[in-house]
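The values are calculated or read from the model by the stated rules, or taken from the named source; none is laboratory data. Remember, predicted model here, so these are calculated numbers, not experimental data. Positions of Cβ are generated from backbone atoms using ideal geometry, with glycine treated the same way; all protein chains shown enter the neighbour counts. Please note that ligands, DNA and RNA were not included when accessible areas were found on the heavy atoms of the full protein model with its side chains. Shrake-Rupley method; radii C 1.70, N 1.55, O 1.52, S 1.80 Å.
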Amino acid sequence: MEAEKQTEKTAGNPNTEGTTVQTDAPGQEPGMKLFAGDKVLWIIIAALAVISVLVVYSSTAKMAYDAHTARSTAHFLRQQLLILFVCVPLIIIVHKINSRIYNHLALVAYAGSVLLTLAVYFIGATTNGAARWIPLGPFQFQPSEALKVATVLFLARQLAGRQSVIDKLRIIPSLNPLRWKRPDQRKIWREGTWPILAPVLLSCVVIFPAHTSSAVLVFFASWVMMLIGRVRIRELVKLLGLAFAAVMLAGLLNLGRSETAGGRVETWIDLWTKPQTEKPIDQLTDTERSMIAIHNGGILGEGAGQSAMRVEMIHPESDYAYAFFVEEYGIVLALLLLLLY
């Protein structure tokens with residue numbers, strides 16, 4: 001009724017002829033809400049923020065113990081809360097920006113991320129045998145993470161701009177370089193390979209030396225985007241075959257961190273296919289300790305902060321944090337966490 005009255009007043013006012021007056025719905029404050037948009041997404045962000053605090057607080061117990069009196073678990077907790085305090089406003093700001101602006105900034109963001117990822121090999125801090133981080137005061141910035149987002153953003157722009165002809169485009173040229181000068185092959189390079197496939201391959205190549213698993217994730221995320229973006233299935237099947245061949249070749253030539261990745265695969269195969277003899281805890285790898293943690297967690301877990309393996313792991317603050325999350329909260333909540341992501 002209030003909206004109808006406002007419309008009537010507007011229609012009867014000659015000074016407002018030809019204009020539209022927007023009124024807020026009853027019970028709603030004027031202006032845009034701070035957390036407007038998908039409420040489910042905001043709930044997921046809040047849940048992941050709380051979980052991150054719990055996991056960081058638990059995983060840093062060993063780090064605080066190793067540091068003796070210099071640092072405590074409270075130190076790492078304050079650090080994580082500071083990160084959230086900075087990042088949550090950034091999320092809100094990014095959310096308020098018109099999506100068309102991202103379309104215009106996609107190329108700049110992609111090029112900048114590629115350059116920063118290359119720069120990290122020369123000026124970055126080395127962790128676990130790989131240069132991945134750029135120190136920024138109390139924080140460390142990982143350019144490869146920015147490149148993941150930039151690749152998705154840029155690829156979305158490239159696919160969206162070609163939807164009218166996407167089902168006719170080919171993105172895989174002939175594997176025979178002698179044919180590349182033919183008119184049909186030049187068309188493939190010009191319309192499909194360079195604008196769609198080349199940015200993805202460049203991202204994977206740049207990330208691969210320091211973070212092999214991230215390069216694989218970028219490739220598969222991009223492949224799924226191409227599938228959703230209606231790229232021809234035949235082209236996507238060819239791309240999978242070429243990617244598999246490239247991974248095998250990288251393993252044979254020991255490129256990037258292939259040796260580390262291969263070692264992890266061999267460890268998992270040995271753990272599942274060969275009988276394991278009793279070994280002292282100090283001789284176990286983090287992979288073996290993480291499997292013990294998952295076994296200890298069972299269905300419902302040992303309880304918050306009750307992980308026994310977190311203090312036994314060599315790098316509890318790394319990816320293995322998920323293992324003792326299972327130990328503390330159980331496989332049910334661990335699967336729910338995966339679904340949130």
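Just wondering, is there one or more residues in the range 217-226 that are hydroxyl-bearing (Ser, Thr, Tyr), open to solvent by 10 Å² or more (accessible area, probe 1.4 Å) and in contact (Cβ under 8 Å) with a residue 12 or more places away in the chain? So that I can check it myself, show each step before the final result.
Just the residues of the range 217-226 that are hydroxyl-bearing (Ser, Thr, Tyr), to begin with: 222.
Cutting the leftovers down to open to solvent by 10 Å² or more (accessible area, probe 1.4 Å) gives us none.
No, because not a single residue in the range 217-226 is hydroxyl-bearing (Ser, Thr, Tyr), open to solvent by 10 Å² or more (accessible area, probe 1.4 Å) and in contact (Cβ under 8 Å) with a residue 12 or more places away in the chain.
Which members of the range 45-55 meet the condition of being closer than 21 Å to Glu328 by Cα, open to solvent by 40 Å² or more (accessible area, probe 1.4 Å) and β-branched (Val, Ile, Thr)?
The one that is closer than 21 Å to Glu328 by Cα, open to solvent by 40 Å² or more (accessible area, probe 1.4 Å) and β-branched (Val, Ile, Thr): Val50.
For the range 106-119, give me each residue that is over 16 Å from Cys204 (Cβ atoms) and touching a residue at least 40 places away in the same chain (Cβ under 8 Å).
Passing the criteria: Ala106, Leu107, Ala109.
Looking only at residues that are open to solvent by 70 Å² or more (accessible area, probe 1.4 Å) and at pLDDT below 75 in the range 282-310, which one is nearest to Ile51 (Cα to Cα)?
Asp282
Restricting to the range 264-275, and then to whatever is surrounded by 11 or more Cβ atoms within 10 Å (Cβ to Cβ) and over 26 Å from the mean Cα position of the chain (by Cα), can you tell me which residue is modelled with the highest pLDDT?
Checked the range 264-275; the qualifying residue modelled with the highest pLDDT is Asp270.
Quick one: would you say Thr212 is open to solvent by less than 60 Å² (accessible area, probe 1.4 Å), closer than 29 Å to Thr287 by Cα and among the hydroxyl-bearing types (Ser, Thr, Tyr)? Don't jump to the end; show me each part of the working.
Values: open to solvent by less than 60 Å² (accessible area, probe 1.4 Å): yes; closer than 29 Å to Thr287 by Cα: yes; among the hydroxyl-bearing types (Ser, Thr, Tyr): yes.
Against the criterion (open to solvent by less than 60 Å² (accessible area, probe 1.4 Å), closer than 29 Å to Thr287 by Cα and among the hydroxyl-bearing types (Ser, Thr, Tyr)), Thr212 qualifies.
Considering the range 147-196 alone, what residues qualify as being of a type in the set (Ser, Thr, Tyr) and either open to solvent by 60 Å² or more (accessible area, probe 1.4 Å) or touching a Gly at 6+ places or on another chain (Cβ under 8 Å) (or both)? Spell out how you get there, then give the answer.
Of all residues in the range 147-196, those of a type in the set (Ser, Thr, Tyr) come to 151, 164, 174, 193.
Ser164 - this is the single residue of the range 147-196 that is of a type in the set (Ser, Thr, Tyr) and either open to solvent by 60 Å² or more (accessible area, probe 1.4 Å) or touching a Gly at 6+ places or on another chain (Cβ under 8 Å) (or both).
Can you pull out the residues in the range 93-116 that are modelled with pLDDT of 90 or more, surrounded by 10 or more Cβ atoms within 10 Å (Cβ to Cβ) and among the hydrophobic types (A, V, I, L, M, F, W, C)?
Leu105, Ala106, Leu107, Val108, Ala109, Ala111, Val114, Leu115, Leu116
Among residues belonging to the range 227-250 that are small (Gly, Ala, Ser), surrounded by 13 or more Cβ atoms within 10 Å (Cβ to Cβ) and over 14 Å from Ala198 (Cα atoms), point out the one that is nearest to the chain's Cα centre (by Cα). Spell out the reasoning first.
Step one: filter the range 227-250 for residues small (Gly, Ala, Ser), giving 229, 241, 243, 245-246, 250.
Add one more test, that the residue is surrounded by 13 or more Cβ atoms within 10 Å (Cβ to Cβ), and what stays is 229, 243, 246, 250.
From what is left, the residues that are over 14 Å from Ala198 (Cα atoms) are 229, 246, 250.
Values: Gly229: 20, Ala246: 22, Ala250: 23 Å.
Filtering first and then ranking leaves Gly229.
Name the pairs whose Cβ atoms lie under 8 Å apart, with the first residue in the range 230-256 and closer than 18 Å to Leu155 by Cα, the second small (Gly, Ala, Ser) and assigned to a helix (DSSP H, G or I), and 6 or more positions between them or separate chains?
Glu235/Gly192
Can you run down the residue pairs with Cβ atoms below 8 Å, 6 or more apart or on separate chains, where the first is in the range 179-195 and of a type in the set (Phe, Trp, Tyr) and the partner is open to solvent by 60 Å² or more (accessible area, probe 1.4 Å)?
Here the result reads Trp180/Arg186; Trp189/Trp180, each pair linking the range 179-195 to a residue that is open to solvent by 60 Å² or more (accessible area, probe 1.4 Å).
Considering only the range 324-341, state which residues are out of contact with any Leu (no Cβ under 9 Å at 6 or more places or on another chain) and at pLDDT 85 or above. Break it down stepwise before answering.
Initial filter on the range 324-341 (out of contact with any Leu (no Cβ under 9 Å at 6 or more places or on another chain)): 324, 327, 334-336, 338-339.
Correct list: Glu327, Ala334, Leu335, Leu336, Leu338, Leu339.
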